[in-house]
Amino acid sequence: MRLATGVPPLEPVRKRASVPEELSARVPAEQRGPGLDRDAVRLLVSRGTEVSHHCFGELPRLLRSGDLLVVNTSPTLAAAVDGRIGHARVVVHFSTRGDDGRWAVELRDPDGRGTTRARAGGPAGTEVRLPGGGRLVLEEAVSGRLWWARVCEADVLGLLREHGRPIRYSYTERDQPLSVYQTVFALASPDGAGSAEMPSAARPFTARLVAELVSRGVQFAPVTLHTGVASAEAHEPPYPERFSVPEASARLINAVRAGDGRVIAVGTTAVRAVESAAGADGAVRARAGWTDLVVTPERGVRVVDGLLTGLHEPEASHLLMLEAVAGRAAVDRGYEEALRRNYLWHEFGDVHLLLPREDPHTEHCARNCW
């Protein structure tokens, strides 16, 4: 598989209010106070343009018996590694492993605060010295940021295990251990593959919450999509990514769609995976390989009824997927409320559940939310 070297631009996301810097979630929820767990985040629920506010722990009461949550089992890799170009320090973000053994990588400059800033890619032939004596050579541009590179004298997955750390950006307060970036659904891949950045919509789930959902009749369908880098500075459409929808999950999704349940994707990665396995008739079939699908309002969705997702930057291409699921008016209304109520953004932030419009009666949060 070759990533496209000229990813077509998406239709621009129409202007939305910018997100104040103070609304960036700087640390995980469980580090914000004693006795807190991952689910100590707020949950904004949109049913059409009707909005309600909840704590994430209320999710089991907001779903129905027979609903199905599609979850991404991809583990997060320690995908950031220090390197040098001549005497200059750089940070390599390992994004996606190609079928030919090369990796799509992004080179970034240290910013002196423990994080990085974007830098121009290339040129071809640039050599980066890696820890342990390995070398990385840029060979072919994927975009202005991403390059196909070949790693010599080093096993990349071993390099990441020994010298890597999770990718983080300047809005976070400090480095975190890799365990902080693993969701409760993450499973080790037999070939060591994983995501460059956490499939973060699933982060607030805990084992206790999953057990409660199951006890209330909510089902789970695991899929896998190994996501690449998604730097906050750029909002390109997603690149081709590896995915898998197993036979058992395909059958379960089809059975729920044939009944009264709703198919709710946990994260935009789960949407991309399941929609990539759906035919024009809406039937989901077991599939594995690469997907270059970009879900937009024009393309629409064939399978997904609802979406649980984080809060994305106003220019992010992910918002087009949200519009495909819930409509422009619902997304605009939800984001207005999220800003008005000071919801927190990014991977450690609050979450947004977009459901089909139904009875307007909703139950509001009865206890304090963070």
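So is VAL71 surrounded by fewer than 22 Cβ atoms within 10 Å (Cβ to Cβ) and not in a loop (DSSP other than H, G, I, E, B) or not?
Details: surrounded by fewer than 22 Cβ atoms within 10 Å (Cβ to Cβ): no; not in a loop (DSSP other than H, G, I, E, B): yes.
Answer is no for this residue.
Scanning region 33-68 for residues that are hydrophobic (A, V, I, L, M, F, W, C), surrounded by fewer than 21 Cβ atoms within 10 Å (Cβ to Cβ) and either free of Cβ contacts under 8 Å to residues at least 12 places away in the same chain or touching an Asp or Glu at 6+ places or on another chain (Cβ under 6 Å) (or both) gives LEU36, VAL51.
For region 275-291, the criterion of a residue being among the charged types (D, E, K, R), more than 21 Å from the chain's Cα centre (by Cα) and either at pLDDT 95 or above or on the phi > 0 side of the Ramachandran plot (or both) is satisfied by at least one position. Determine if region 141-163 includes at least one residue that is surrounded by fewer than 19 Cβ atoms within 10 Å (Cβ to Cβ) and in contact with a Ser or Thr (Cβ under 9 Å, 6 or more places away or on another chain). Checking region 141-163: at least one residue is surrounded by fewer than 19 Cβ atoms within 10 Å (Cβ to Cβ) and in contact with a Ser or Thr (Cβ under 9 Å, 6 or more places away or on another chain). The set of residues in region 258-290 that are of a type outside the set (A, V, I, L, M) and assigned to a helix (DSSP H, G or I) comprises THR268, THR269, ARG272, GLU275, SER276.
Hey, any hits in region 338-347 for a residue that's free of Cβ contacts under 8 Å to residues at least 40 places away in the same chain and of a type outside the set (Phe, Trp, Tyr)? Within region 338-347, one or more residues are free of Cβ contacts under 8 Å to residues at least 40 places away in the same chain and of a type outside the set (Phe, Trp, Tyr).
The values are calculated or read from the model by the stated rules, or taken from the named source; none is laboratory data. Bear in mind the structure is a predicted one, so any value in this text is a computation, not a measurement. Note that we place each Cβ from the backbone using ideal geometry, even for glycine, and neighbour counts take in every protein chain shown.
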